[in-house]
Amino acid sequence: MFINKKEIILSINRIIFSSLDIRKVYQTMSNELLKVIDFDRLSVTLITENNNLYETFVLSKDYEYTNLKEGVLYPMEGSLMKRVVQFCEPVIVDDTSKGRFLTDTVLFKEGIHSRLGIPLEYKERVIGSVNFGSKRKDYYSKKHINFFLQIAPQLAMAIENTRLFNKIKEAEEKYRTVIETSPDIIFECMKDGKFSLMSPSVEKITGYSADQFYNNQGYGLSLCYKEDQERVQNEILKILNGQNSSLMDLEFRVVNKQGIVLWLSLEALPIKEGNRIIGIEGFCRNITERKKLDELKDNLIRDVTHELKTPVAKMEMAIDMFERSTVPGNEHVFGKSSQIHEILRNNVNRLKNIIKNILDISKLESGTELLKISDISLVELVDQVISELKDTAGRKKNVLIQQLPLNIPIIKADRDKIHHLITHLVDNAIKFTEHGKISILGRILPNEVELTVEDTGRGLDKKTRERVFEKFYKETPSTFGSGIGLAICKNIVQIHKGRIWVESEGKGRGAQFKFTLPISTNNN
Amino acid sequence: MKELLIVEDDLEMQEFYKDMLQGEQFLVTLVPNAEEGLKKIKEKKYDIVILDILMEGITGDRLFALLRKESRYKEVPVIMASVLDEKTYRCFQALGNVSFLEKPFNKERLLNEITKRLESQK
């Protein structure tokens, strides 16, 4: 019955290298095994991770057909398989009619009377079993076991390889689908400028096919808009040299096949082989539409600014001209005209401030304005604000004092914006305080500094406290100002990643406007 | 006498310029748009060109960029005048020999800016 062992090993090798298609592997395997051992039924079972039984393949000699029950899971409990796996040793069933295992009963009905289960071990882990079934009782013996234990490792390897290969193939197919259907350009480019991957979407976006990128070294950069070429090249070199660990949102222009300029945004990471950087991989998104909208938005803000500011500017210039043209001398006319002049100037100033505030908040909210971050000293800034507002405070008989701790750290922030913020809070305090005191206090917290503008003025009730930072909110319609100043303050604090709030004991009991700004921990 | 070219499309603004520069030691030419401005610049060398930014047709900033591209006009001293804040014009600084005058301005600021510009040419 048994041919020599050498021949069997050769056969098994044939199985291993026959194919990486799992059906073909099983087919070859059953054909080869049938040469050396008689069976009426052959099955290979593989264990799933959660220890269910996974019967992948059943071959029946009589019908000469193979039946692949892929994906059908059987419970482990009560099966021959469980025992084989548990003890990692072969199991023989001499007579299935005795019903030792639950599966015996099922197989007995199919005419299988004796069974042999051999564990499949791969890298010291049981991955499943090979099971034989015979119509004859007491068919399998120790002899079969000894023979099979010799070839089982090779079988296990063949099966596991095929299984892994199929998993990889599946993953690869998913990956391929992602790359082929992605609207973004996904790419891999080696250090020498050669593309090792370029997704087909590149053709939709640039008009040039992926092949053109594969066949031409440095093709990507040559499509770059002239003025952007150097910048893009430098950023990519920084990744390749290891100066930068990633590229985020690098915006640049390319000229497509039709000669149209497009905006792309690039995100990329280095490709590493051990510690060596051998290329970059990443994706490019077409952001032309977004750029167009940005430009529209910027133009709109610019035009609105122009339209609102021009008449006010001219009114101001006219008032100035008027002032210069009135001849002092006639006391009555001069008095009258100076009164009119005063009204005009006040209201032009008021209008100017409202327009400035509205434009400021629309710029802040639209994100058109970028922060100009630098090292700033809060002590110096507060002192500046105090000297600028001392007269205003004095006019309402208010005292203005600074009580900041001397060791307040230098923070990173937009100086103009923080100046605006403190100025507004102090100015606001002055507005609602008479014959009182306005103090600017500071506290150093673990990761941030907290500034408080405290006044002894009118105070706020609960409802106002809750709404005071809303845009256009005013306590009463006649309250002066545009009702937008504190909304701007809130916006400034937020874009600096800080917090702002107000505390007050209630009406007539003063207010404390507080805000925090983060202390930067890095030294860049 | 120093010669000024002012490109300004707003008639009222033109009046302000006339009023402020009256009696000063300048020869002033006022034109209402960039096209005519360019024509004048081609005819004659001005000591200073004052450009409004937002104008119908070619805008002041574009005219400025055009001037800087041609070697003949590379050195023409320019003052950009606008209600827009300085940020809008900042990117033009790199093109050289330009300063910014925010509207509204009074006579002193205008004269001061012109003087500064003229002195920096010496």
Checklist (1) open to solvent by less than 60 Å² (accessible area, probe 1.4 Å); (2) in the same structural domain as residue A:131 (by TED's automatic domain parsing) applied to residue A:207, failing item: (2)
Residue match in segment A:303-315 (condition: surrounded by fewer than 13 Cβ atoms within 10 Å (Cβ to Cβ) and of a type outside the set (D, E, K, R)): no
All positions within segment A:489-502 that are surrounded by fewer than 18 Cβ atoms within 10 Å (Cβ to Cβ) and touching a residue at least 12 places away in the same chain (Cβ under 8 Å): A:495, A:497, A:499, A:501
Residue B:122 being at pLDDT 90 or above and either open to solvent by less than 80 Å² (accessible area, probe 1.4 Å) or more than 14 Å from chain A (Cβ to nearest Cβ) (or both): no
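Can you name every one of the strands (runs of 3 or more DSSP E) wholly within segment A:218-326 that holds 2 or more residues which are in contact (Cβ under 8 Å) with a residue 40 or more places away in the chain and not hydrophobic (A, V, I, L, M, F, W, C)?
Of the strands (runs of 3 or more DSSP E) lying wholly inside segment A:218-326, those with at least 2 residues that are in contact (Cβ under 8 Å) with a residue 40 or more places away in the chain and not hydrophobic (A, V, I, L, M, F, W, C) span A:276-286.
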Among the candidates A:202, A:178, residue that is closer than 30 Å to residue A:220 by Cβ, in a helix (DSSP H, G or I) and in contact (Cβ under 8 Å) with a residue 12 or more places away in the chain: A:202
Filter result for the condition that a residue is touching a strand residue (DSSP E or B) at 6+ places or on another chain (Cβ under 6 Å), touching a residue at least 12 places away in the same chain (Cβ under 8 Å) and at negative phi, over A:430, A:411, A:444: A:411
Helices (runs of 4 or more DSSP H) enclosed by segment B:1-86 - at least 3 residues per element that are touching a residue at least 60 places away in the same chain (Cβ under 8 Å), within 14 Å of chain A (Cβ to nearest Cβ) and within 24 Å of residue A:325 (Cα to Cα): B:11-21
Residue match in segment A:112-123 (condition: of a type outside the set (D, E, K, R), modelled with pLDDT of 85 or more, open to solvent by less than 80 Å² (accessible area, probe 1.4 Å) and in a loop (DSSP other than H, G, I, E, B)): yes
Filter result for residue A:147 (in a helix (DSSP H, G or I), open to solvent by 10 Å² or more (accessible area, probe 1.4 Å), of a type in the set (Phe, Trp, Tyr) and in contact (Cβ under 8 Å) with a residue 40 or more places away in the chain): yes
Selection from segment B:70-103 of residues that are farther than 21 Å from residue A:298 by Cβ and of a type in the set (Asp, Glu): B:70, B:75
Residue within segment A:96-107 that is in a loop (DSSP other than H, G, I, E, B), in contact with a Phe, Trp or Tyr (Cβ under 9 Å, 6 or more places away or on another chain), assigned by TED's automatic domain parsing to the domain that holds residue A:44 and of a type in the set (S, T, N, Q) present: no
Those residues of segment A:233-261 which are within 21 Å of the chain's Cα centre (by Cα), open to solvent by 50 Å² or more (accessible area, probe 1.4 Å) and within 19 Å of residue A:285 (Cβ to Cβ), in sequence order: A:248, A:249
Matching residues, segment A:276-302, being open to solvent by 100 Å² or more (accessible area, probe 1.4 Å) and either within 17 Å of residue A:237 (Cα to Cα) or among the small types (Gly, Ala, Ser) (or both): A:276
Matching option when the condition is surrounded by 14 or more Cβ atoms within 10 Å (Cβ to Cβ), touching an Asp or Glu at 6+ places or on another chain (Cβ under 6 Å) and modelled with pLDDT of 90 or more, among A:376, A:410: A:410
Residue in segment A:452-459 that is touching a helix residue (DSSP H, G or I) at 6+ places or on another chain (Cβ under 8 Å) and surrounded by fewer than 18 Cβ atoms within 10 Å (Cβ to Cβ) present: no
Matching residues in segment A:335-373 - criterion: being surrounded by 13 or more Cβ atoms within 10 Å (Cβ to Cβ), of a type outside the set (A, V, I, L, M, F, W, C) and part of a loop (DSSP other than H, G, I, E, B): A:368, A:369
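Yes/no per residue for (1) in the same structural domain as residue A:454 (by TED's automatic domain parsing); (2) more than 17 Å from residue A:306 (Cα to Cα):
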site	(1), (2)
A:341	no, yes
A:344	no, yes
A:352	no, no
A:357	no, no
A:379	yes, yes
A:388	yes, yes
A:391	yes, yes
A:395	yes, yes
So residue A:289, is it under 21 Å from residue A:192 (Cα atoms) and among the acidic types (Asp, Glu): no
Extreme residue, surrounded by the fewest Cβ atoms within 10 Å (Cβ to Cβ), among residues of segment B:91-113 that are within 14 Å of chain A (Cβ to nearest Cβ), at pLDDT 90 or above and not in a loop (DSSP other than H, G, I, E, B): B:108
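The values are calculated or read from the model by the stated rules, or taken from the named source; none is laboratory data. It should be emphasised that the depicted structure is a prediction, and the values quoted were computed from it without experimental measurement. We place every Cβ from the backbone using ideal geometry, glycine too, and count neighbours over all the protein chains shown. These accessible areas exclude ligands, DNA and RNA; they are computed on the full protein's heavy atoms, side chains included. Shrake-Rupley method; radii C 1.70, N 1.55, O 1.52, S 1.80 Å.
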